[in-house]
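Derivation of every value follows stated rules applied to the coordinates shown; laboratory data play no part. Since the model is a prediction, treat every value here as computed from it, not as a measurement. All Cβ positions, glycine included, derive from the backbone under ideal geometry; neighbour counts span all protein chains shown.
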Amino acid sequence: MAKIGVQAMMLRDSFAEVGAFETLRKVSAIGYNAVEISQIPMTTENVAELDRSRSELGMDIAALSVALETPKGRPGDSLAEHFDKIVEEAKRLDSNLLRIGMLPFPAMKSIAAVVDFAKQANEYAERLQEQGLSLYYHNHHIEFAKFDGTYMLDIIAANSPAMGLEIDVHWVQRGGLDPVRTLQKYAGRTAMVHLKDYRIGQLPERAFGLLETGDIKGFMAEFKDVVQFAEVGEGNLDFASIIPAAQAAGAEYLLVEQDELYGRTVWDALQTSYDNLVALGHADLF
């Protein structure tokens, strides 16, 4: 049975302010008992507190984030430079799932660059399998660009057979595809699914101010920028169908994530998603 947890990207400020353990204590108090670590420095202290959260809070460290090469300007370890450290920490935290959170920017340049990335990732996936660990790739919307009629995500998948997928349903929708059909397509290869809603927001007051001054170009820019991230159940995605589809696809974890909060606190957002998922009948997945 899949378990609903939290993607820690949205908790990074709290990790920095009060530490990993106290942050996860608050996560646990809402009702989440699993967390995917992302954009969190894997310092000795943080790793120790993550381990402590397992024993004292019963927190499941669902997955750890890695990159092929050390990312510039972001915390994180790379498979190229920290392979042994990553393996050691994954085993300590009983995290058998590792995930690459984004296609490296240079790999977006051409189809040849995409294929090169996928083949490199596959080599690491094979090495990780020897250590009892699995590697997954998380999509955004750019992976649904087509090259000669083939989606970039399919090109990545075809060139990295040892690597699985982490499907983000918001980004699938933003890429113009149906989340349920996409989960069905990658059934058996998807261990993690990101749950975040897709909302069309209201035009802000400033847009009408631009209109009144005759700035049609400015107004249209606001008009096109109304797509928002949202708490689960607060947007337009059909989670009553998405969650069963994710389970049927073999997902082990369903991870709540929200890239932007639009003035809300992360705790309010997580509570709203929790309440809505419980209302959908999924209290047993927490």
Could you pull out every one of the lysines with an alpha carbon less than 18 Å from that of Lys146, ignoring same-chain neighbours closer than 8 positions? Lys109, Lys185
Test of understanding: what is the full-extension gain from Glu22 to Gln202, defined as 0.36 nm times their sequence separation minus their Cα-Cα distance? 61.2 nm
Fewest to most neighbouring Cβ within 10 Å: what's the order for Tyr186, Tyr124? Tyr186, Tyr124
In whole Hz, what ³J(HN,Hα) sequence does region 59-70 give by Karplus (6.51, -1.76, 1.60; θ = phi - 60°), x for Gly and Pro? 6, 8, 7, 5, 7, 10, 9, 9, 10, 5, 10, 4
With 10 angstrom as the radius, rank Met10, Met220, Met163, Met102 by how many other C-beta atoms surround their C-beta, starting from the fewest. Met220, Met102, Met10, Met163
Going by C-beta contacts inside 10 Å, put Thr272, Thr265 in order with the fewest on the left. Thr265, Thr272
In percent, what relative contact order does region 95-169 have, based on Cα pairs under 8 Å that are 6 or more apart in sequence? 39 percent
Placing +1 at every Lys and Arg Cβ and -1 at every Asp and Glu Cβ, with all other atoms neutral, what dipole size does the chain have around its Cα centre, in debye to the nearest 20? 420 debye
Under the Karplus relation with 6.51, -1.76 and 1.60 and θ = phi - 60°, whole-Hz ³J(HN,Hα) for region 2-14, x at Gly and Pro, equal 5, 10, 8, x, 10, 8, 6, 3, 6, 10, 4, 5, 5
Each label point is 7 Å from the Cα along the Cα-to-Cβ direction; what then is the distance between the points at Met220 and Gln131, in nm? 5.1 nm
Mean separation of Cα contacts under 8 Å (6+ apart) over length of region 1-90, as relative contact order %: 26 percent
Percent relative contact order of the chain, based on C-alpha pairs within less than 8 angstrom and at least six residues apart? 19 percent
I want the antiparallel fraction of DSSP beta bridges within region 32-166, as a percent rounded to 5. 10 percent
Rg/Rh for region 116-168 to two decimals, with Rh computed the Kirkwood way over all alpha-carbon pairs. 1.01
